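Let me begin by presenting the structure, written as structure tokens, before commenting on it.
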Amino acid sequence: MIAGLHFQAPPLAAPRPGQGRRVLRERFVRGEIDDTEYRQRLEVLRTKLK
């Protein structure tokens with residue numbers, strides 16, 4: 001009988017400061033989100049990172 005193998009996923013890297021804003025800017029530039037959504041999401045980032 002073969003013993004069960006257990007694999008553990010590597011831990012996720014902690015987000016770097018400013019990474020959320022960078023991703024948001026990139027999405028805006030690519031046209032994935034409009035100006036209104038960009039500003040709304042940017043405000044969420046500002047309030048959550050305080």
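Contact annotation: residue pairs with Cβ atoms under 9 Å, 6 or more positions apart or on different chains, pairing a residue in segment 9-23 that is modelled with pLDDT under 75 with a partner that is open to solvent by 80 Å² or more (accessible area, probe 1.4 Å), are Pro17/Leu49.
Among the residues making up segment 7-50, those that are open to solvent by less than 70 Å² (accessible area, probe 1.4 Å) and not in a helix (DSSP H, G or I) are Gly18, Gly31, Ile33.
The values are calculated or read from the model by the stated rules, or taken from the named source; none is laboratory data. It should be emphasised that the depicted structure is a prediction, and the values quoted were computed from it without experimental measurement. Note: ideal-geometry Cβ built from the backbone for every residue, glycine included; neighbour counts use all protein chains shown. What goes into the accessible areas is simple: the full protein's heavy atoms, side chains included, and nothing from ligands, DNA or RNA. Shrake-Rupley method; radii C 1.70, N 1.55, O 1.52, S 1.80 Å.
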